[in-house]
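The values are calculated or read from the model by the stated rules, or taken from the named source; none is laboratory data. Here the structure is a predicted model, which means the values were calculated and not measured. Virtual Cβ from ideal backbone geometry, glycine too; neighbours counted across all protein chains shown.
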Amino acid sequence: MSDHTLTCANVYDARPATEVPAESPLAWSYQNTGRPSVSEKSRVVLRERAMLGHLILRGGAIVLDDAVRQVLGLQLPGRPNALSHDESGERSIQWLSPDEWLLIVPGGEEFELEQRLRDALGDARDTAVKNYAIVNVGGGQTLVELEGECVRELLMKSTPYDVHPDAFPVGKGVTTVFAKSNLILRRPTEDRWELVLRRSFADYLYRWLLDAGAEYAIGVEA
Amino acid sequence: MFHIYCPYCEELREEEEFHPKGQAHIARPTDPDTCSDEAWGDYLFFRDNPRGIHHELWVHAVGCRKFFNITRNTVSYEILETYKIGEEPRFTAEHPAGKPTEQAAAEAEAVARQEGVKA
């Protein structure tokens, strides 16, 4: 089987320093659709956290858990649909499927982190559980935060998933159907919700959120 | 609202997150080079169409994206169970009310053994 073992991976910085500025997936939407301003009447506030580092980790839970603990000091969530954060709340790791996790870190950290994870996982190649993958998906998705008293009403209009606090406690994240599209819905804190949108759906979902949030005077923070 | 239990996500999810993928437990001939054309044709093209209990392969397409099995009654459309790949169904055509659980089976075996001792 050793013939099939991955011995090298093409690792490169997906965010090289160049003259060409990187654009958020919503850059065009801001120009085309605009950004309703936040007022006292806004009961939902939308905020994009663009250009974060998104990494997908795939592999066995035990091997990845060791590496993530060593490199980030974070525990890999073992339970389905679990989401955990480090103390600063800046770095998060989420269960996506039995062998897949989404790691989100501040923008710019992801390349170095990927290399450190690969170094830590390098030892894993010598054991029976050899296969893992780390993929930088930061270019393919963006993170949108929703805050305000009517966020739950807005979500209830958009997704069939039960967002009642009993069914959706803090520290949960699911991939689910949202406005005929799909996204990752997460609840990092009591009053803040996060949506991880695919780049190709970002404009559609942004316009959906503005439309669905119009009755709550939704505002978009720059 | 119609919910299906995903054995990997360990919770009930909306039906539109899932896709059916046809009959489950189709074994590929172990040696395709030596198997007959008929056996290979059966494997590739021919599927059961039972009235009653049917084992199906489904995928949680919007979600964990894992394949799993569903035992479904094709008459009543009732979903009897969902189980992971590699596991055995509890409800089968031979046991439409559900196979006895392992514990019950072990107890029955123990009883049978005792009776054997008596005999």
Residue hits (the range B:47-103; small (G, A, S) and crowded, with 19+ Cβ neighbours inside 10 Å) are B:G63
Among strands (runs of 3 or more DSSP E) completely within the range A:80-164, the ones holding 3 or more residues that are more than 14 Å from chain B (Cβ to nearest Cβ), aliphatic (A, V, I, L, M) and within 16 Å of the chain's Cα centre (by Cα) are A:100-105, A:141-147
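Pull up the range A:206-222, narrow it to residues that are assigned to a loop (DSSP other than H, G, I, E, B) and touching a helix residue (DSSP H, G or I) at 6+ places or on another chain (Cβ under 9 Å), then point me to the one that is farthest from A:A50 (Cα to Cα). Walk me through it before giving the result.
Going residue by residue through the range A:206-222, those that are assigned to a loop (DSSP other than H, G, I, E, B) are A:217-218, A:222.
Now narrow it down to the ones that are touching a helix residue (DSSP H, G or I) at 6+ places or on another chain (Cβ under 9 Å): A:218, A:222.
Details: A:I218: 19, A:A222: 11 Å.
Filtering the range A:206-222 for residues that are assigned to a loop (DSSP other than H, G, I, E, B) and touching a helix residue (DSSP H, G or I) at 6+ places or on another chain (Cβ under 9 Å), the one farthest from A:A50 (Cα to Cα) comes out as A:I218.
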_Condition (residue is crowded, with 21+ Cβ neighbours inside 10 Å, within 17 Å of the chain's Cα centre (by Cα) and more than 30 Å from A:G60 (Cβ to Cβ)) applied to the range A:167-177: is it met by at least one residue?_
no
Flagged in the range A:43-67 as in contact with a helix residue (DSSP H, G or I) (Cβ under 9 Å, 6 or more places away or on another chain), in contact (Cβ under 8 Å) with a residue 60 or more places away in the chain, at negative phi and not in a strand (DSSP E or B), in numbering order, are A:R43, A:V44, A:A50, A:L52, A:G60, A:V63, A:L64
Using the structure shown, decide if A:L154 is crowded, with 20+ Cβ neighbours inside 10 Å and over 23 Å from A:L205 (Cα atoms). no
**Q.** Test for A:L74: is it surrounded by 16 or more Cβ atoms within 10 Å (Cβ to Cβ), within 19 Å of A:P188 (Cα to Cα) and at pLDDT 90 or above
**A.** yes
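Determine which member of the set B:R13, B:R72, B:R65 is within 14 Å of chain A (Cβ to nearest Cβ), in a strand (DSSP E or B) and among the charged types (D, E, K, R).
Details: B:R72 fails: within 14 Å of chain A (Cβ to nearest Cβ); B:R65 fails: in a strand (DSSP E or B).
Answer to the selection: B:R13.
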Condition (residue is at positive phi, surrounded by fewer than 18 Cβ atoms within 10 Å (Cβ to Cβ) and outside any helix (DSSP H, G or I)) applied to the range A:185-198: is it met by at least one residue? no
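So which residues in the range B:49-62 are among the β-branched types (V, I, T) and within 11 Å of chain A (Cβ to nearest Cβ)?
Keep residues of the range B:49-62 that are among the β-branched types (V, I, T), which gives B:53, B:59, B:62.
If the condition is that a residue be among the β-branched types (V, I, T) and within 11 Å of chain A (Cβ to nearest Cβ), then B:V62 is the only one that fits.
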When (1) among the acidic types (D, E); (2) under 19 Å from A:Q31 (Cα atoms); (3) in a loop (DSSP other than H, G, I, E, B) are applied to A:D203, the one that fails is (3)
Checked the range B:1-10 for anything under 16 Å from the mean Cα position of the chain (by Cα) and at the interface with chain A (Cβ under 8 Å from one of its Cβ atoms); matches are B:Y8
